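A short worksheet on the structure shown next.
Values in this text are rule-based calculations from the coordinates and carry no lab data. Everything numeric here is computed off the predicted structure, so don't read it as measured data. Because the Cβ atoms are built from the backbone with ideal geometry, glycine has one as well, and the counts that use them run over all protein chains shown.
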Amino acid sequence: MFVYNAEVTQPYTVLTDSWPIQMTGDKSLRKLPSVDRIVGLASCKSLIDRYGRSRVVGATRKLLDHIRNEILSAGNGEDYALKSDEDLMSALSSQLKESSRPLLKKVVNCSGVIIHTNLGRAMLAETAGKAAMDTAVSCVNLEYSLKEGERGERDDILEGLITGLTGAEAATVVNNNAAAVLLVLNTLSDRKETIVSRGELIEIGGSFRLPEIMAKSGSVLKEVGTTNRTHLSDYQTAINQNTALILSVHTSNYRIIGFTSKPELTQLKTLAKSKSLPLMVDLGAGAVIDLERLGLKGEPTVAQTLDNGADVVTISGDKLLGGPQAGIIAGDSGIIARIRKNPLKRALRLDKMTISALEATLRIYQNPDEAVEAVPTLRHLGKPVEKIRAVAGKAVEILKDEFGGDAEVFAVDDICRAGSGSLPEVDIPSVSVVVRHKNMNPDEVKKWFRSLDPPIIGRVESGMFRLDMRCVDDAGQIRPRHES
């Protein structure tokens, strides 16, 4: 096969692996070794034994393509210095090693956001992580009743724990809160109207919008009120024969302040009951204990929301609960029974590892005093500033030793956020370590810390690179280690 290049008057021929490309007049390209010769080198045998022949062959082709492009980009292939066999083996080994590294890596969260969606949200409690690991490598009674010796239900594992913590009549779980909202809407309001205040039509991370979820659920959105003010009469006027549900959405990732108004949940319940309509609350962040014990205010619990009139509540498992990604649906037993019969429920169900981790997390909450320390999310939210300052001081010494005279390192008082739509606008006092390098600008310092093993994720603010220490339990976590 002959291939022509507009800038080359002579044709060059694409051949087999023995000579990948041959161009008349270009000695460097003609001297490129074949894939077969490289793979046949004695020094390549150890790579084949470790990675397998097919991967080594593929990596070799990729390496030769890279060298070939370098030669063509150089413009004068006659002057290009070809790599020795030893250099080729070293480059091939590095390429294979790099491609074998996991893409999902442990990182150290010094971002100033405690429940960081981009960093995996909540860290599991140690017992929850162990439970997930044990379940992953074992057969378990996921849908098998040990008492009856026959098929059981997944919900049986978690329902009693959820109802015990929330006071709900019944509960079920799916794979995240968006799925929970989708499932409830589809069950209660498919092809019928759901009334929502305009001030609660939220958008969360990744351009995820409530109206779009409602459209996918089959429910028809009926907006009432205005962005800042919605009255009970707005809901009353909107109810018609096609209304199936009233939905209240906790604006967990923003606040509307100033000239505002909205009905109390108890008022909505009275209205919903008078019209024989269910009242749903998407609580989002999902606190199950009063966060005032951590010195934080403004986040309603599931139990409080149900007590105030909600028939069904949805929350996330990996936000304020501090568990794995999950969507918890709790409330009226009749509604939960209908949800369980929805065919979508199977498509959105949890796997055995998530159920195991969620069960372990919920069991910790049976003793709230234990939970505030054992659940990392709660521990980090409630950590005293004095404790953070002590860790930051040790971190300063570690980094001064690392950088020597090349950087100024010092601690500053700072503010962090809960994150992931939890406790919006709540300033949480913290302490950050600032690194001011002589030869790198703040963005370059940020990139350098990301290159470590494990990567350390900080932020640049006010022209300084900062490592917020609220989520760091041991200063040794920020000791720089480069990937080997």
Inset, instruction - Work out the charge dipole of the chain with +1 on the Cβ of Lys and Arg and -1 on the Cβ of Asp and Glu about the Cα centre, then indicate which of Val249, Gly160, Ile195 is farthest towards its positive end. - result: Ile195
Inset, instruction - Can you tell me the relative contact order of the chain? Whole percent, Cα pairs under 8 Å, sequence separation 6 or more. - result: 17 percent
Inset, instruction - Would you mind checking the tilt of helix 177-189 against the longest principal axis of the Cα atoms of the chain, expressed as 0 to 90 degrees and rounded to 10? - result: 50 degrees
Legend entry - Cα long-axis angle, helix 85-99 against the chain (0 to 90 degrees, to the nearest 10): 10 degrees
Legend entry - Distant-in-sequence amide H partners of Ala326 (H built 1.01 Å from N, under 5 Å): Asn177, Gly317, Asp318
Legend entry - Helix axis angle, 265-274 relative to the chain longest principal axis, alpha carbon, degrees: 60 degrees
Legend entry - Cα centroid of the stretch 399-467 to Cα centroid of the stretch 302-354, whole Å: 37 Å
Inset, instruction - Using packing as a proxy for protection, rank 181-190, 120-129 so that the peptide with the highest average count of other Cβ atoms within 10 Å comes first. - result: 181-190, 120-129
Legend entry - Low-density loop positions, trypsin sites (Lys or Arg not before Pro), the stretch 419-464 - DSSP coil, at most 16 other Cβ in 10 Å: Lys438
Inset, instruction - Using just the helices of the chain, give the 222 nm mean residue ellipticity in deg cm²/dmol: DSSP H runs with n ≥ 4 each add -39,500 (n - 2.57), and the total is spread over all residues, rounded to 500. - result: -11500 deg cm²/dmol
Legend entry - Cβ-based exposure ranking for His437, His116, in which fewest neighbours within 10 Å come first: His437, His116
Legend entry - Exposure proxy order (Cβ contacts within 10 Å, fewest to most) of Val431, Val137: Val137, Val431
Legend entry - Neighbour-count order for Lys345, Lys192, fewest beta carbons within 10 angstrom listed first: Lys192, Lys345
Legend entry - Loop-located GluC sites (Glu not before Pro) in the stretch 374-474, at most 11 other Cβ atoms within 10 Å (DSSP): Glu425
Inset, instruction - Taking DSSP loops as anything outside H, G, I, E and B, show the longest stretch in the chain free of chymotrypsin sites (Phe, Trp or Tyr not before Pro) there with at most 13 other beta carbons within 10 Å. - result: 5-253
Inset, instruction - Just the number, please: percent antiparallel of the DSSP beta bridges in the chain, rounded to the nearest 5. - result: 65 percent
Inset, instruction - For Lys31, go through the lysines and keep the ones whose alpha-carbon is under 30 Å away, minus same-chain ones fewer than eight residues off. - result: Lys45, Lys62, Lys83, Lys97
